[in-house]
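S.K.: The structure is given below, and queries will be raised subsequently.
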Amino acid sequence: MTLHSLEDAFAEELRDMLSAERQMTKVLPKLAKCATNDRLRAVIEHHIEETHGHVNRLEQVFKSLERSPRAKKCEAMEGLVKEATSVIDEQADDQVKDAMIIAAIQKAEHYEIASYGTLCTWAKLLCHGTALGLLKETMSEEVTADGVLSEIAESVNMCAMEEATAGTMEEEEEE
């Protein structure tokens, strides 16, 4: 496909994000199930619901542009999802696995935040007010989710570090 205008690029990026959000709706439940920290699990479960809302909002954006909501496979999110899925199979202490889950989700969140930032800028430039409002709402939820995950990571990472330190001390005592 040849993109001839910013309008074409905007539509293409929307298609990419529709794919990205749909991929997240599939991986987040698996990560929530794997999380051992109750607060982390609750935050992921809440974000699953938000992510379904993101898909719906993107579909509304397409409608506002009088375009069909067709997704285009998001290769970047596919890689991030693959990496996140590999965390599930890792043999790790609970807190370490939770730290890895947070890291995996935050990588995806940062990708989404960057993408929505671009989409908001383009929507504003192209005078797509309805789309801009919907995209800003999603962007706000992504930023909030990232912030909450960072907050949880502080305690999870400390616990993971303490588990590692305790494990090392136990190994030294056995020698």
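The values are calculated or read from the model by the stated rules, or taken from the named source; none is laboratory data. Predicted, not measured: the structure shown is a model, and the values here were computed from it. Here the Cβ is made from the backbone with ideal geometry for all residues, glycine too, and neighbour counts use every protein chain on show. For accessibility, only protein heavy atoms count, side chains too; no ligands or nucleic acids. Shrake-Rupley method; radii C 1.70, N 1.55, O 1.52, S 1.80 Å.
S.K.: Starting from the range 13-74, pick out the GluC sites (Glu not before Pro) whose DSSP state is loop and whose Cβ has at most 16 other Cβ atoms within 10 Å.
M.R.: Qualifying residues, ordered by number: Glu66.
S.K.: Let me ask something else about it. Karplus couplings for the range 99-110 from phi (6.51 cos²θ - 1.76 cosθ + 1.60, θ = phi - 60°), rounded to Hz, Gly and Pro as x?
M.R.: 4, 5, 5, 4, 4, 5, 5, 5, 4, 5, 4, 5
S.K.: Suppose each label sits 7 Å from its Cα in the direction of the beta carbon; what would the Thr25-Ala92 distance come out to in nanometres?
M.R.: In this crude label model, Thr25 to Ala92 measures out at 2.7 nm.
S.K.: Determine Rg/Rh for the range 79-157; Rg is computed over alpha-carbon atoms and Rh is the Kirkwood hydrodynamic estimate from the same atoms.
M.R.: 1.12
S.K.: Okay, moving on. Order Glu12, Glu162, Glu78 by their accessible area, 1.4 angstrom probe, all chains in place, largest first.
M.R.: Descending accessible area places them as Glu162, Glu78, Glu12.
S.K.: Which log10 I(q)/I(0) values does the chain give at q = 0.14, 0.18, 0.20 Å⁻¹ under the Debye formula, counting every alpha carbon as one identical point scatterer?
M.R.: So the normalised log intensities are -0.74, -1.07, -1.25.
S.K.: Next question. Tell me, in nm to one decimal, what length is gained between Leu3 and Glu49 on full extension, where the rule is 0.36 nm per residue of separation less the Cα-Cα distance?
M.R.: 13.2 nm
S.K.: Another question, then. Which whole-Hz ³J(HN,Hα) couplings does the range 114-130 yield from phi under the Karplus relation 6.51 cos²θ - 1.76 cosθ + 1.60, θ = phi - 60°, glycine and proline marked x?
M.R.: 4, 5, 5, x, 4, 4, 5, 4, 5, 4, 5, 4, 8, 6, 9, x, 5
S.K.: Just to confirm a number: summing +1 for Lys and Arg and -1 for Asp and Glu over residues other than Ser68 whose beta-carbon lies under 11 angstrom from that of Ser68, what do you get?
M.R.: +2
S.K.: Looking at the square roots a ≥ b ≥ c of the eigenvalues of the Cα gyration tensor of the range 42-93, which shape do they give, rounded for a/c under 1.5, prolate if a/b is larger than b/c, or oblate?
M.R.: Note, shape of the range 42-93 comes out oblate.
S.K.: Hey, what's the range 1-128 come to in accessible area per residue, 1.4 Å probe, Å²?
M.R.: Spelled out: the 1.4 Å probe surface of the range 1-128, per residue, equals 51 Å².
S.K.: In the range 45-166, carbon and sulfur make up what percent of the accessible area (probe 1.4 Å)?
M.R.: On the range 45-166, the fraction of accessible area on carbon and sulfur atoms equals 54 percent.
S.K.: Checking the table Lys33/Lys73; Lys97/Lys124; Lys26/Lys97; Lys82/Lys124; Lys73/Lys124 against a 31 Å threshold on Cα-Cα, which pairs fail?
M.R.: Correct reply: Lys97/Lys124; Lys82/Lys124.
S.K.: OK, next. Indicate the gyration tensor shape class of the range 1-90 (rounded, prolate or oblate), computed on the Cα atoms with a ≥ b ≥ c the square roots of the eigenvalues: a/c under 1.5 is rounded; otherwise a/b larger than b/c is prolate and the rest oblate.
M.R.: It comes out oblate by the Cα gyration axes.
S.K.: Let me check something: with ligands and nucleic acids excluded, how do His4, His52, His47 order by accessible area (1.4 Å probe), largest to smallest?
M.R.: His4, His52, His47
S.K.: Right, next: Each label point is 7 Å from the Cα along the Cα-to-Cβ direction; what then is the distance between the points at Thr144 and Arg70, in nm?
M.R.: 3.4
S.K.: For the full complex of protein chains and a 1.4 angstrom probe, list Thr144, Thr51 by accessible area with the highest value first.
M.R.: Largest to smallest exposure gives the sequence Thr144, Thr51.
S.K.: Compute, for the chain, the length of the dipole vector about the Cα centre, with Cβ point charges of +1 (Lys, Arg) and -1 (Asp, Glu) only. Units Debye, rounded to 20.
M.R.: Dipole about the Cα centre, nearest 20: 1680 debye.
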